[in-house]
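K.L.:
I'd like to ask some things about the structure below.
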Amino acid sequence: MTQTVPAPAGATTLPVAPPKRVGFLRRLAQQKLAIAGLITLAVVVLVALFGSLISPYNPDVTSLGAVLLPPGSPGYLLGTDELGRDLLSRLISGTQVSLVAALQGTSLTVAIGVTLGLAAGFFRGWVEKVIMFVTDVLMSFPGILLAIAIAGILGPSLNNAMIALGIVLAPGAIRLVRGSVLGVREETYVEAARSIGTPSGQILVRHILPNVVPPLIVYIAILAGQVMLIEAGLSFIGVGVQPPQASWGAMLSSSFAYIDRAPWLAVFPGLMIAISVFALNLLGDGIRDSIGKKVTR
Amino acid sequence: MTDPILEVEDLRTEIQIDGRWLPVVDGVTYSVRPGETLGLVGESGSGKSVSAMTLMGFVGRRRGQRLSGHASFRGQDLLGMSERDLGKMRGNDIAMVFQEPMTSLDPSFKVGNQIAEGIRLHQGVSRDEAMRLAIEAMDKVRIPNAKVRADSYPHEFSGGMRQRVLIAMAIANNPALLIADEPTTALDVSVQAQILTLLAEMRDELGLAMIFITHNMGVVADICDRVAVMYAGQIIETGEVRETFADPQHPYTERLLASMPRLRGERRQLEWIPGTPPGPAGFAEGCRFAPRCTHARDVCLEPTTLLEIGGGRANRCTRDVEWKEEVAG
Amino acid sequence: MTATPTATGPQAAGKRRTHPKLTLGALRFIGLRFGRMVLVFVMATLLVFSLASLVPGDPAIALAGEDADPATVALIRSELGLDRPWAVQYLSWLGGLLTGDLGDSLIYRAPVTELIADRFPASLSIAVSAMILAVVGGVLVGMLAAAFRGRIADRVTTVLSTLGIVTPNFWVGMILILLFSFAIPLFPAVGYTDFTDDPVDWLAHIILPAIALALAVGAELQRQTRSSVSDILTQDYIRTARAQGLSRGRVLWTRALKNGSMPVVTVIGYQMAGLLGGSVVVEKVFNIPGLGTLAIDSVVAKDLPVLQGIVLVTTVIVIIVNFLTDVLYTVLNPKVRVS
């Protein structure tokens, strides 16, 4: 929501309505798109948690008589795959796998990012120089390629893939956290706290963290989306989620061979990924817009 | 008595904010004759800049903006003019100079090129000829070494020099009317006088009509022939400068004149007007100055009109002559 | 601004030059950046080399087989040079690198450099095409969004652009194949033809993968352009240009574009890493014989030298592009150009 009336190029500022003091949650609620994203996300999470209860079939049950049925076939809302497994049930069970993977990857990235970012921003000096240098180097590697390399070398498994992802995406998180810390360090109230002898730990917790957390939350939302996309790619190639488990990305892998005969097998899993990442992005944008400008530069 | 080159009558510009239509400019009436300089005076937020921008077609034509009233330039209706025709007039028949010289030049293009572009656009001459004319314009505004400086970038010029460049840009196509919106406000005091002198010279040399927008009554006394005083989006008094300054017909004008610091004459305490001007959301129903006016009476709660009082003067004060009698000797 | 030999200011009458000249400060900056680039390169080689230490288990045993006798294993180990200290192994590898020797593929028994050179044109075709599409599409749409900010065109493009960012690019590739290879048989689904063999066929093969790859990058460019140009349109000098009589369109495509191009150009440079990474999976979908599929195959086959080689080559490309982008930024900045 803009504060000023869109004025013609560089014109005198036209009068504005006085800004209303509204709390963060209230502002978030006003962001219709963000709410839509939140609701979508909530639905996805619920499906991941309770999906097995509403799943019409056991996702692993094969039925050679019901192979490659199109959506709308009696009893199979979204159709079946090449082994006769119900697509809807597979999608539902895939939700859990995809979300767990996303959670894993995101947590690891954030853990590394926050630790090193805080260290770099707070301690400065050579600690910062070393961390930022390694960060820069890592960012020179084409992300997915490096993730594939690491995951492939460690051995194809979801855990290894998420470790690889954590390494690849951490630099971004480190930069963000360090930036937030730097933004606050210069504030006079931090100087003041220091000058009266407040221990570093307290300064960190009381002054710096509150400034770091809001942009971090926005970042996490967007990051989770990125993790989902990369995990999908890794699983598609075969170095991520391993059978019999199947995330949406993994489902796309096997569906590719049948794409001309059974397009629905490729369309729906991909759609699920897109919808989830979209929801995460909307949420992230919404949070960012509701935060207000007083946090960080 | 020649016909006015610009006639503005009851101009009204409204901006939509949070669903409400707020009149930023509301009842602006004045005219400018060829070669004449009109001073448009008012405090910040009085709507003086917006009224000029409206005439140029920069305000009032988008969504959430609307305008009404009449404004004609050389007989042509400005408010109803198409964007295309307005474009032909801007920088050509009517030119405008703005307040912030430091940021008003494109940092990525050479100064000569920026002036020449306007010349080519309206005069249709070749690139070389346009550049020659641009340098000529820079000469006219007394930029030393114009030929060489035309090849420079804006960041190589000082504030005063940049304003000269902008004035050169404005006069390059020999406009009939120049609107100067606080052209000296952002400059150092020493440079201000130079630019004012320059503008006066340009006006005399080229026979320009000028609208000089300012909040400084001193400047008006300096170079303007006529003055129109604005308050809260309305014109509250117009008249010839000498007459108006000697015998203001509106309490606000009187207060403005009284608050001018004087270098000569007896020493006295600096006067000011208590309170602040209202924003468009808080305009009073009747006289908008009444809340701050020491002469306000019940009759001032009625809506006001700008009345011509003869001798080329107009006044919006409902208590017209009465209030003058109340002013202590 | 740093000291330069030429005089500055209004008094610098006859000394003005007509072409841009780099200030000493700019040159120093470029020099520093170059030094940094070298350091980053060295560190990158270290990281790539240490990828080998991630391999679980003993590579010699892996090659020799689980039941091989210790003598054979030891022989293989010394053959591969694995019995030397780590630092020596690294340095000898690095030395080979600088002479263009990246080792031999374990599977193909051919020099890695040869394999990479062989696969390079295909990847290059797609990456460059994708970048061109992304830039043209992204910048154009971004400018339109900025010009019509707040209106329908802007909102629609924002949604489309977001869609570009949230969809997995390989999935987009699959959908494109579905639509334009099967539903409407316009383009071939898989495969690749060299440009030198048949330009038209080459184009037909790269167009779908290029589009799939271009989407995410283009979307990001669109956002960046919109933001940058939007901001410029509120600047005072735009107001001046309009007051001169220049139309909105003209102001947009000349002034706004010129002033806004700099941040966009730098974004393009920094997107290279993402583009190269994204191309890996897309290549697999379209079965393009490029570096991406080679990388994936080498992961599956545990062909470490090839994998290391590809990672290194692509990283070096990114490092160089980043450096060039930094330099370009310095050169393009008019305040730094003229003394």
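K.L.:
In a GNM of chain C with a 10 Å cut-off on Cα contacts, which of C:Gly95, C:Gly278, C:Gly292 has the highest mean-square fluctuation?
P.N.:
For chain C, modelled as a Gaussian network with Cα springs under 10 Å, the answer is C:Gly95.
K.L.:
Of C:Ala216, C:Phe182, C:Pro263, which is farthest on the positive side of the dipole of chain C, counting Cα position, with +1 on Lys and Arg Cβ, -1 on Asp and Glu Cβ, and the Cα centre as origin?
P.N.:
Final value for the positive-end residue is C:Pro263.
K.L.:
Same structure, new question: How much accessible surface does A:Met228 have with a 1.4 Å probe, in Å² rounded to 10?
P.N.:
The accessible area comes out at roughly 10 Å².
K.L.:
List the accessible area buried at the contact between A and C, summed over both sides and calculated with a 1.4 Å probe, in Å² to the nearest 100.
P.N.:
3900 Å²
K.L.:
Here's a follow-up. What number, in percent, do you get for the relative contact order of the range B:105-165 if the mean sequence gap of Cα pairs under 8 Å and at least 6 apart is divided by its residue count?
P.N.:
Details: 64 pairs, mean separation 26.8, N = 61.
Relative CO of the range B:105-165 lands at 44 percent.
K.L.:
I want the local charge near A:Tyr219. Using Cβ-Cβ distances under 11 Å, sum +1 for each Lys or Arg and -1 for each Asp or Glu among the other residues. Don't skip to the answer; put the middle values down first.
P.N.:
Numbers: positive: A:Arg175, A:Arg288; negative: none.
Combined, the nearby Lys, Arg, Asp and Glu give +2.
K.L.:
Interface size between chain B and chain C, please: total buried accessible area, 1.4 Å probe, rounded to the nearest 100 Å². Can you show the working numbers first?
P.N.:
Values: alone 16340 and 19350 Å², together 32860 Å².
About 2800 Å² of accessible surface is lost on pairing.
K.L.:
Hey, another quick one. Looking at the range B:54-72, which residues lose a minimum of 30 Å² of accessible area between their chain alone and all protein chains in place, measuring with a 1.4 Å probe and not counting ligands or nucleic acids?
P.N.:
Those are B:Phe58, B:Arg62, B:Arg63, B:Gln65, which lose 30 Å² or more relative to the chain on its own.
K.L.:
Between 0 and 90 degrees, rounded to the nearest ten: what's the tilt of helix A:32-54 against the longest Cα principal axis of chain A?
P.N.:
Orientation of helix A:32-54: about 40 degrees from the principal axis.
K.L.:
For helix C:152-166, report the angle its Cα long axis makes with the longest principal axis of the Cα atoms of chain C; keep it between 0 and 90° and round to the nearest 10°.
P.N.:
The two axes meet at around 10 degrees.
K.L.:
For chain C, what class follows from the C-alpha gyration tensor (a ≥ b ≥ c being the square roots of its eigenvalues): rounded when a/c is under 1.5, otherwise prolate if a/b is larger than b/c, else oblate?
P.N.:
Details: a/c = 2.96, a/b = 1.49, b/c = 1.99.
Oblate, since a/c reaches 1.5 and b/c is not below a/b.
K.L.:
Now a separate question. From the residues B:Ile17, B:Ser31, B:Pro154, which one has its Cα farthest along the dipole of the protein assembly as shown in the positive direction, the dipole being from +1 and -1 charges on Cβ of Lys/Arg and Asp/Glu about the Cα centre?
P.N.:
Toward the positive end, the furthest listed residue is B:Ser31.
K.L.:
Quick one: which residues, 5 or more positions from B:Ala228 or on another chain, have an amide H under 5 Å from its amide H? H modelled 1.01 Å from N in the peptide plane, none for Pro or chain starts.
P.N.:
Distant-sequence amide H within range of B:Ala228: B:Gly39, B:Leu40, B:Val41.
K.L.:
Express the relative contact order of chain B as a whole percentage, based on alpha carbon pairs under 8 Å and six or more residues apart in sequence. If you can, show how the numbers build up before the last one.
P.N.:
Values: 608 pairs, mean separation 65.3, N = 329.
It comes to 20 percent, rounded to a whole number.
K.L.:
Name the residues of the range A:134-158 whose amide N is less than 20 Å from a point 7 angstrom out from the Cα of C:Ile107 along the C-beta direction?
P.N.:
A:144-157
K.L.:
Still on this structure, please answer the following. Report Rg/Rh for the protein assembly as shown, rounded to two decimals, where Rg is the Cα radius of gyration and Rh the Kirkwood radius.
P.N.:
On the way: Rg = 35.1 Å, Rh = 33.1 Å.
Ratio of gyration radius to Kirkwood radius for the protein assembly as shown: 1.06.
K.L.:
Is the shape of the range A:24-105 rounded, prolate or oblate, going by the alpha carbon gyration tensor and its root eigenvalues a ≥ b ≥ c, with a/c under 1.5 for rounded and a/b larger than b/c for prolate?
P.N.:
Details: a/c = 3.43, a/b = 2.26, b/c = 1.52.
Cα axes put the range A:24-105 in the prolate bin.
K.L.:
Could you list which residues have their amide H under 5 Å from that of B:Val97, counting only those 5 or more apart in sequence or on another chain, with H placed in the peptide plane?
P.N.:
Amide H neighbours of B:Val97: B:Ile179, B:Ala180, B:Asp181.
K.L.:
Pick from A:Thr62, A:Thr135, A:Thr80: which is most flexible by mean-square fluctuation in a GNM of chain A where alpha carbon atoms under 10 Å apart are linked?
P.N.:
A:Thr62
K.L.:
Also: So what's the convex hull volume per residue for the Cα atoms of chain A, in Å³? Intermediate results must be reported in sequence, preceding the final value.
P.N.:
Numbers: hull volume 58.0 nm³, N = 297.
Residue-normalised Cα hull volume stands at 195 Å³.
K.L.:
Compute the Rg to Rh ratio over the range C:105-189 from the alpha carbon atoms, using the Kirkwood formula for Rh, and round to two decimal places. Show your work: numbers first, answer last.
P.N.:
Details: Rg = 18.7 Å, Rh = 16.1 Å.
Rg divided by Rh gives 1.16.
K.L.:
As I understand it, the value is the acute angle between the Cα axis of helix A:209-237 and the longest principal axis of the Cα atoms of chain A; what does it come to in degrees, rounded to 10?
P.N.:
Taking the Cα atoms of chain A, the angle to A:209-237 is about 30 degrees.
K.L.:
Let me have the 222 nm mean residue ellipticity of chain C computed from DSSP H runs of 4+ only, each contributing -39500 (n - 2.57), with the sum over all residues rounded to the nearest 500.
P.N.:
Values: 14 runs with 231 residues, N = 339.
Taking each H run of at least 4 residues, the total per residue is -22500 deg cm²/dmol.
K.L.:
Same structure, new question: Treating only the Cβ atoms of Lys and Arg (+1) and Asp and Glu (-1) as charged, compute the dipole magnitude of the range B:105-165 about its Cα centre; round to the nearest 20 debye. Display every interim value, and only then the final one.
P.N.:
On the way: 10 positive and 8 negative charges, 33 e Å.
Dipole size: approximately 160 debye.
K.L.:
If you don't mind, there's one more thing I want to ask. Using a Gaussian network model on chain B with a 10 Å cutoff between Cα atoms, which of B:Glu14, B:Glu240, B:Glu271 fluctuates the most?
P.N.:
Of B:Glu14, B:Glu240, B:Glu271, the Gaussian network model singles out B:Glu271 as fluctuating most.
K.L.:
What percentage of the solvent-accessible surface of chain B, computed with a 1.4 Å probe over protein heavy atoms, is contributed by carbon and sulfur atoms? Before the final figure, lay out each step's value.
P.N.:
On the way: 7020 of 14550 Å².
Roughly 48 percent of what the probe reaches on chain B is carbon or sulfur.
K.L.:
How are the Cα pair distances of chain B distributed, in percent, across 10 Å bins from 0?
P.N.:
6, 25, 32, 24, 11, 3, 0
K.L.:
Here's another thing I want to ask about it. How far is the Cα center of the range B:151-171 from the Cα center of the range C:290-315, in Å?
P.N.:
58 Å
K.L.:
Whole Å is fine, so just give me how far the alpha carbon centre of the range C:172-222 lies from that of the range A:66-141.
P.N.:
Taking the Cα centre of each part, the range C:172-222 and the range A:66-141 sit 27 Å apart.
K.L.:
Taking 45 Å as R0, compute the FRET efficiency from the Cβ-Cβ separation of B:Thr2 and C:Arg250 and round it to 0.05. List each step's numbers first, then the result.
P.N.:
Details: r = 35 Å, r/R0 = 0.79.
For B:Thr2 and C:Arg250, the calculated efficiency is 0.80.
K.L.:
Can you find, among B:Asn113, B:Met131, B:Val141, the residue farthest towards the positive end of the dipole of the range B:105-165? Put +1 on the C-beta of Lys and Arg, -1 on that of Asp and Glu.
P.N.:
Of the candidates, B:Val141 comes out farthest on the positive side.
K.L.:
Which whole number of Å³ per residue matches the convex hull of the alpha-carbon atoms in the range C:112-254?
P.N.:
Values: hull volume 22.7 nm³, N = 143.
About 159 Å³ per residue, rounded to a whole number.
K.L.:
For the range B:169-179, in order, what is each residue's ³J(HN,Hα) by Karplus, 6.51 cos²θ - 1.76 cosθ + 1.60 with θ = phi - 60°, in whole Hz (x at glycine and Pro)?
P.N.:
4, 5, 8, 4, 9, 6, x, 8, 9, 10, 9
K.L.:
Quantify, in whole percent, the carbon and sulfur part of the accessible surface of the range A:136-198 (1.4 Å probe; protein heavy atoms only).
P.N.:
Details: 1210 of 2150 Å².
Heavy-atom surface of the range A:136-198 belonging to carbon and sulfur, 1.4 Å probe: 57 percent.
K.L.:
Here's a follow-up. Could you tell me the center-to-center distance, by alpha carbons, between the range B:204-261 and the range A:168-244 in angstrom?
P.N.:
So the separation of the two Cα centres works out to 59 Å.
K.L.:
Could you give the accessible area per residue of the protein assembly as shown, probe 1.4 Å, as a whole number in Å²?
P.N.:
Values: 44150 Å² over 965 residues.
Here the residues of the protein assembly as shown average 46 Å² of exposed surface.
K.L.:
Ok, one more. What are the residues whose amide H is under 5 Å from the amide H of A:Ser73, where those residues sit 5 or more places off or on another chain and H is modelled from the backbone?
P.N.:
Here the answer is A:Gly79, since their amide H atoms fall under 5 Å of that of A:Ser73.
K.L.:
Could I ask something else about it? Would you work out the relative contact order for chain A, in percent, from Cα pairs under 8 angstrom that are 6 or more residues apart?
P.N.:
Numbers: 428 pairs, mean separation 68.1, N = 297.
Here the relative contact order equals 23 percent.
K.L.:
Give me the number: length gained by fully extending B:Val148 to B:Gln123, i.e. 0.36 nm times residue separation minus the C-alpha to C-alpha distance, one decimal in nm. Before the final figure, lay out each step's value.
P.N.:
Values: separation 25, 0.36 × 25 = 9.00 nm, distance 2.33 nm.
Full extension of this stretch gives 6.7 nm more.
K.L.:
Go through the range B:1-22 and flag every residue whose accessible area shrinks by 10 Å² or more with all protein chains in place compared to the isolated chain (probe 1.4 Å).
P.N.:
At a threshold of 10 Å² (probe 1.4 Å), the residues of the range B:1-22 that become less exposed are B:Ile15, B:Ile17, B:Asp18.
K.L.:
Measure up A:Lys129/B:Lys110; B:Lys88/B:Lys147; B:Lys48/B:Lys147; B:Lys88/C:Lys258 against 32 Å on the Cα-Cα distance and list the ones that go over. Intermediate results must be reported in sequence, preceding the final value.
P.N.:
Details: A:Lys129/B:Lys110 41 Å; B:Lys88/B:Lys147 27 Å; B:Lys48/B:Lys147 36 Å; B:Lys88/C:Lys258 24 Å.
Distance filter (> 32 Å) returns A:Lys129/B:Lys110; B:Lys48/B:Lys147.
K.L.:
Let me ask something else. Mind checking how much accessible area A and B bury in total, 1.4 Å probe, in Å² rounded to 100?
P.N.:
Working: alone 16060 and 16340 Å², together 31530 Å².
Chains A and B together bury approximately 900 Å².
K.L.:
Using the reciprocal of the averaged 1/r over all distinct C-alpha pairs, how large is the Kirkwood radius of the range A:96-188 in Å? All intermediate terms of the calculation are to be shown ahead of the outcome.
P.N.:
On the way: mean 1/r = 0.0725 Å⁻¹.
Computed over the range A:96-188, the radius equals 13.8 Å.
K.L.:
Let me ask another. Near C:Gly164, within a Cβ-to-Cβ distance under 12 Å, what is the net charge of the other residues, with Lys and Arg +1 and Asp and Glu -1?
P.N.:
On the way: positive: C:Arg223; negative: C:Glu220.
Result for the local shell: 0.
K.L.:
Give, rounded to the nearest 20 debye, the magnitude of the charge dipole that the protein assembly as shown has about its Cα centre when Lys and Arg contribute +1 at Cβ and Asp and Glu contribute -1 at Cβ.
P.N.:
On the way: 82 positive and 80 negative charges, 364 e Å.
Dipole size: approximately 1760 debye.
K.L.:
Hey, another quick one. Which value in Å is the Kirkwood Rh of the range B:105-165 over different Cα pairs?
P.N.:
Details: mean 1/r = 0.0883 Å⁻¹.
About 11.3 Å for the range B:105-165.
The values are calculated or read from the model by the stated rules, or taken from the named source; none is laboratory data. All figures in this text were calculated on a predicted structure; none of them were measured in a lab. Cβ sites come from the backbone with ideal geometry, for glycine too, and all protein chains shown count toward neighbours. Only protein heavy atoms, including side chains, enter the accessible area calculation; ligands, DNA and RNA are left aside. Shrake-Rupley method; radii C 1.70, N 1.55, O 1.52, S 1.80 Å.
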